[in-house]
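Chemist: What follows is a structure written as C-alpha cells; I'll ask about it next.
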Amino acid sequence: MPFFEAVRLALSSIRAQKLKSFFSLVGVLIGVTFLIAVVSIVQGMNVYMTDKFAGALIGVNTFQVRHRPNIQTGDSNEELRRQYQRNPRVTIEDAEYLKDRMKTPVRIAATGNDAVTLTWNGKSAPQIQVNTVEAEFFAIKHYDIAEGRAFSAQEVNVGAAVVVLGSELGERLFDGRDPLGQTIGIGGLPHRVIGVVAKQGTIFGISMDKFVITPLTSPARRLVNRPHVIDDIQIQATNPDQMRAAMEEATILMRGRRGLRPGEPDNFYIQSAEGALSGWDKISKVLFMALPGLVAISLVVGGIVIMNIMLMAVTERTREIGIRKALGAKRADIMAQFVVESATLSVTGAVLGIVTGILLAFTVRAFTPLPAAVAPWSIGVGVGLGILVGMVAGVYPARQASKLDPIEALRQE
Amino acid sequence: MSDAIIRLTGITREYQMGTECVRALRGVDLAIARNEYVAIMGPSGSGKSTMMNMLGCLDTPSGGEYWLNGQEVSRLVDDDLARIRNREIGFVFQTFNLLPRASALANVELPLVYAGVPTKERHRRAEAALTRVGLGDRMDHRPNELSGGQRQRVAIARALVNEPSILLADEPTGNLDSATSVEIMRVFQSLHEQGQTVILVTHEPDIAEHAHRVIVLRDGMVESDVRNAHPVRTTVAAA
C-alpha cells in the first residue's frame, strides 16, 4: 500500500475518534511542548545574558584591567579574594602606559566609580553611581546622548566641573524642569549638567539609568578614588578576534610594567564578558543536559499510551483487518497501516506540542524581558521525535495485527 | 476438461480441536470450468465453510492439490495467498463486510489499492464497477446510508473490480429479505451471462436453484454433483 494512502487512512481514523486520539497523544504533546519551550527560553536567556547583561555591564568587545573583579559569577574562594586584595591598585599612569604602547587598534579610557549622594535644590538622591571617566568612555559604552552633549577630552584635561546624567536622574531629580544648565551637588561639590544619556532600560529589573558621569579630573573625583588611583582601564577592540589579541597584549604590557617574572601570577585582573558569563554558561549547560532526560520521560510515557491505544485499535478493528486481508492485503500492508497510523498520531501530538511550545515561549517573551526565540532545530527535533516515538510504539501492535488469521478475523463481531 | 479454472484432487483438511482431530474435508475431487455457475450446498458440519475458505485461498488444505487458474495454490503461504486472493478471487459475504467509515467508492477501490493500481486508474475502475451493479449514483454514500441490497451490490462491485477468475459468494442473500434476494440473484445471473465464473455457497435450496450445477457436501465429502437442467431465471431483464 502506498505511503500516502496509509497516511490518509490514519488521518481519517484520528478524525473519527477525535477525543480518544487527543488523549492518546497528550504524552507526546507535553514532551515536545517542553522541548520547544525550554530550548527557546534557555536560548533567550543566552541572548539576554550575552547581549544585555555582559554587553551593557562590560561592553561589546570590551575588557577591563582592574585590581580585582567586580562582577562575580564564576568560582570564588577566600584564597582568591585575599590574593585580589593584595594586588596593587591600577593607576592613571598604568592607563597612559597602555595607551602609549598598545599596537592593537583599541579605545582606552581610565575610569573610576563610587556611590555618592546627589543634591539639587534641597532634594537629595543617595547612593548614586558616579563614574569619573575619560572622554572615550562614551564611545566605549555606546552611550547615545538624548539631550545636550557629552564632555570633551579638553574638558577632561582641565578638570571641568560638568556632569552628564543617566536618564532616570534627568527625569526624577528636577521636578520636571529641564536638567540642562542646572547645577547639582555631587557629595556637595557643584557640577553643571551638560547632557543626559538616552534610556538604557533594566537588567533583571534593576535600572541601568541611575548614574552620573563626570570627567576623570572633575572635583567629584576626590570622592571616588585617591589621587592617581582608578578602578578600571576600559579597553575596547574592534571585533572579537582583535579583542583576544588586545587582552593578550595588555596582559604582557602590564606584567612588564609591574616587573613580574615568568611563572609569577598576574597581580591585576582582566575582566571580560566571557569571564563574567562563565557562571551562566554552567547553568545553561546543566539545563541543556537535564532537558533530554525530561523530554525523554514524557515521550516514553507518550509512546506507551500510544502503544496501548494502538493495541486497542487492533482489537476493535479485527474484522476490518480480516476484510483487508481477504481482499489481498499482505502482512506488510497491514503492518504499514498501523505503524503509519501510530506515527501520524504521534506526529500530530508533536505538531500540537510545537504550537503550544511556541505559544509558551511567546508568553514568556511578552511577560518577561527575556527575548525567548524559537530555535528552528528544536522544531525539527520535535517532529523527528514524534515520528520515532510513533513508529516504535506502533511496531508491536502492528505486528499483532498483521499476524491475524483472516478467517478468525472475519468471524469476529 | 481442459478449461478447468478450479481443480481439486484429494483435498483433505483436518483441525486440531483440543485433543480431538476434526476432519472437515475427507478427500474432495472437483473440477469447475470457466464460466460455470455453481452452488455448493450442504447442512452445517458438512465442510461447506471449510470448502469456501479453501476455494477462497483463505485456508490451505492438509492434503491434496488445489489448482486455481493454472497455478497450484495448495502449498502457498500467507503473503502469496494474499496475492492470489487479490487477483483471482472476488468475495461476497453474507454480512457484506464493507468498511463502515469508507464511502462505497473507497470500499470498491480497496482491492485495487492492494494491487498497487495508481489512484486515477483506481477511481475509474471502481466507478465502472459500481455503475455495473447499478449504483453509479451512490458512490459517495457510506454503507450505513445504503439499504441491505445496495450494500450487497457494493460488495459485488468490490468483488468484481479486480476482474477475478472466480466470484465466490458465501450466503449472499442470508441477510436480505426475499425481494432484495431476488434482486441480488439477478445480478449474479447477469454477471454469469457476461462470462463470469460464479460459485455460491449456500444452505438454501431455492437460492441454489439459480445455479447451473449443484454440488452437495456431506461429512466432508461430495455427496452429489448434478447439472441443473432448468435453473431458475428471474424474469425481469437484468440491469
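Chemist: Among A:SER272, A:SER284, A:SER298, A:SER278, which is the only one that is in contact with a strand residue (DSSP E or B) (Cβ under 6 Å, 6 or more places away or on another chain), surrounded by fewer than 22 Cβ atoms within 10 Å (Cβ to Cβ) and more than 14 Å from every other protein chain (Cβ to nearest Cβ)?
Modeler: Just one listed residue meets the conditions, A:SER272.
Chemist: Looking only at segment B:71-92, how many residues end up being aliphatic (A, V, I, L, M), within 9 Å of chain A (Cβ to nearest Cβ) and touching a helix residue (DSSP H, G or I) at 6+ places or on another chain (Cβ under 7 Å)?
Modeler: 1
Chemist: Looking only at residues that are of a type in the set (A, V, I, L, M) and not in a loop (DSSP other than H, G, I, E, B) in segment B:56-92, which one is farthest from B:THR9 (Cα to Cα)?
Modeler: B:VAL92
Chemist: Applying the selection to segment A:151-172, what residues are in a loop (DSSP other than H, G, I, E, B), in contact with a strand residue (DSSP E or B) (Cβ under 6 Å, 6 or more places away or on another chain) and touching a residue at least 60 places away in the same chain (Cβ under 8 Å)?
Modeler: The answer is A:PHE151, and nothing else.
Chemist: Would you mind telling me which numbered condition in (1) within 14 Å of chain B (Cβ to nearest Cβ); (2) closer than 30 Å to B:THR50 by Cα A:ALA398 fails?
Modeler: So the condition that A:ALA398 fails would be (1).
Chemist: Ok, one more. Given the criteria under 23 Å from A:GLU413 (Cβ atoms), in a helix (DSSP H, G or I), within 14 Å of chain A (Cβ to nearest Cβ) and basic (Lys, Arg), does B:ARG158 qualify?
Modeler: yes
Chemist: Scan segment A:3-24 for residues that are within 14 Å of chain B (Cβ to nearest Cβ), free of Cβ contacts under 8 Å to residues at least 12 places away in the same chain and either in contact with an Asp or Glu (Cβ under 9 Å, 6 or more places away or on another chain) or not charged (D, E, K, R) (or both) and report the count.
Modeler: So the count comes out to 4.
Chemist: Can you tell me which residue within segment B:138-155, out of those that are in a helix (DSSP H, G or I) and within 14 Å of chain A (Cβ to nearest Cβ), is nearest to the chain's Cα centre (by Cα)?
Modeler: B:ALA155
Chemist: Quick one: A:ASP175 ticks every box in (1) over 34 Å from the mean Cα position of the chain (by Cα); (2) outside any helix (DSSP H, G or I); (3) surrounded by 13 or more Cβ atoms within 10 Å (Cβ to Cβ) except a single one, so which number is it?
Modeler: (3)
Chemist: With the condition kept exactly as written, say whether any residue in segment B:93-114 is within 30 Å of B:LEU25 (Cα to Cα), facing chain A (nearest Cβ under 9 Å), in contact with a strand residue (DSSP E or B) (Cβ under 9 Å, 6 or more places away or on another chain) and not in a loop (DSSP other than H, G, I, E, B).
Modeler: Looking for residues that are within 30 Å of B:LEU25 (Cα to Cα), facing chain A (nearest Cβ under 9 Å), in contact with a strand residue (DSSP E or B) (Cβ under 9 Å, 6 or more places away or on another chain) and not in a loop (DSSP other than H, G, I, E, B), one finds at least one in segment B:93-114, hence yes.
Chemist: Look through segment B:69-85, keep the residues that are within 19 Å of the chain's Cα centre (by Cα) and hydrophobic (A, V, I, L, M, F, W, C), and return whichever of them is surrounded by the most Cβ atoms within 10 Å (Cβ to Cβ).
Modeler: Top of the filtered list is B:ALA82.
Chemist: When you scan segment B:32-48, how many residues do you find that are part of a strand (DSSP E or B) and surrounded by fewer than 22 Cβ atoms within 10 Å (Cβ to Cβ)? Before the answer, list the steps.
Modeler: Here is the first cut: in segment B:32-48, the ones part of a strand (DSSP E or B) are B:32-33, B:37-41.
From what's left, surrounded by fewer than 22 Cβ atoms within 10 Å (Cβ to Cβ): B:33.
Selection size over segment B:32-48: 1.
Chemist: Further question: So which pairs qualify, if the first residue must be in segment A:306-329 and free of Cβ contacts under 8 Å to residues at least 40 places away in the same chain and within 14 Å of chain B (Cβ to nearest Cβ), the second must be crowded, with 21+ Cβ neighbours inside 10 Å and not in a loop (DSSP other than H, G, I, E, B), the Cβ gap must be under 6 Å, and the two must be at least 6 apart or on different chains?
Modeler: As it stands, the answer is A:LEU327/B:LEU110; A:LEU327/B:PRO111; A:GLY328/B:ALA82; A:GLY328/B:ARG85; A:GLY328/B:ASN86; A:GLY328/B:PRO111; A:GLY328/B:TYR114, since those pairs meet every condition given.
Chemist: Wholly within segment A:194-289, which strands (runs of 3 or more DSSP E) include no fewer than the required count, namely at least 3 residues that are in contact with a Ser or Thr (Cβ under 9 Å, 6 or more places away or on another chain) and in contact (Cβ under 8 Å) with a residue 24 or more places away in the chain?
Modeler: Once the strands (runs of 3 or more DSSP E) in segment A:194-289 are filtered for at least 3 residues that are in contact with a Ser or Thr (Cβ under 9 Å, 6 or more places away or on another chain) and in contact (Cβ under 8 Å) with a residue 24 or more places away in the chain, what remains is A:211-215, A:232-237.
Chemist: I've got another one for you. Being over 18 Å from A:LEU118 (Cβ atoms), under 35 Å from the mean Cα position of the chain (by Cα), crowded, with 20+ Cβ neighbours inside 10 Å and in the same structural domain as A:VAL106 (by TED's automatic domain parsing) is true for just one of A:ILE235, A:ILE203, A:ILE213. Which residue is that?
Modeler: A:ILE235
Chemist: In addition: In the list B:ILE184, B:ILE199, which residue meets the criterion of being in a helix (DSSP H, G or I) and in contact with a helix residue (DSSP H, G or I) (Cβ under 7 Å, 6 or more places away or on another chain)? Even if it seems obvious, please write down each step before you answer.
Modeler: Values: B:ILE199 fails: in a helix (DSSP H, G or I).
Sole residue among the options that is in a helix (DSSP H, G or I) and in contact with a helix residue (DSSP H, G or I) (Cβ under 7 Å, 6 or more places away or on another chain): B:ILE184.
Chemist: If I filter segment A:332-341 for residues that are surrounded by fewer than 21 Cβ atoms within 10 Å (Cβ to Cβ), more than 13 Å from chain B (Cβ to nearest Cβ) and either over 41 Å from the mean Cα position of the chain (by Cα) or of a type outside the set (Asp, Glu) (or both), do I get at least one hit?
Modeler: No: zero hits.
Chemist: Is at least one residue of segment B:172-186 in contact (Cβ under 8 Å) with a residue 60 or more places away in the chain, closer than 24 Å to A:LEU11 by Cβ and under 16 Å from the mean Cα position of the chain (by Cα)?
Modeler: Taking every residue of segment B:172-186 in turn, none turns out to be in contact (Cβ under 8 Å) with a residue 60 or more places away in the chain, closer than 24 Å to A:LEU11 by Cβ and under 16 Å from the mean Cα position of the chain (by Cα).
Chemist: Also, quick follow-up: Look through segment A:369-413, keep the residues that are loosely packed, with under 15 Cβ neighbours inside 10 Å and in contact with a Gly (Cβ under 9 Å, 6 or more places away or on another chain), and return whichever of them is farthest from A:MET335 (Cα to Cα).
Modeler: Out of the qualifying residues, it is A:PRO369.
Chemist: Of the numbered conditions (1) over 41 Å from the mean Cα position of the chain (by Cα); (2) under 18 Å from A:VAL28 (Cα atoms), A:GLY386 fails exactly one; give the number of that condition.
Modeler: The number of the failed condition is (1).
Chemist: Picking from B:LEU130, B:LEU135, which residue would you name as being in contact with a helix residue (DSSP H, G or I) (Cβ under 7 Å, 6 or more places away or on another chain), in a loop (DSSP other than H, G, I, E, B) and more than 13 Å from chain A (Cβ to nearest Cβ)?
Modeler: On the way: B:LEU130 fails: in a loop (DSSP other than H, G, I, E, B).
Exactly one residue qualifies, and that residue is B:LEU135.
Chemist: Let me ask something else. Tell me which residues, restricted to segment A:149-198, are touching a Leu at 6+ places or on another chain (Cβ under 8 Å) and more than 28 Å from A:ILE92 (Cα to Cα).
Modeler: Those that are touching a Leu at 6+ places or on another chain (Cβ under 8 Å) and more than 28 Å from A:ILE92 (Cα to Cα): A:LEU169, A:LEU173, A:PRO179.
The values are calculated or read from the model by the stated rules, or taken from the named source; none is laboratory data. Small disclaimer: the values here were computed from a predicted structure and weren't measured. Methodologically, a virtual Cβ is constructed for each residue, glycine included, from the backbone with ideal geometry; neighbour enumeration extends over all protein chains shown.
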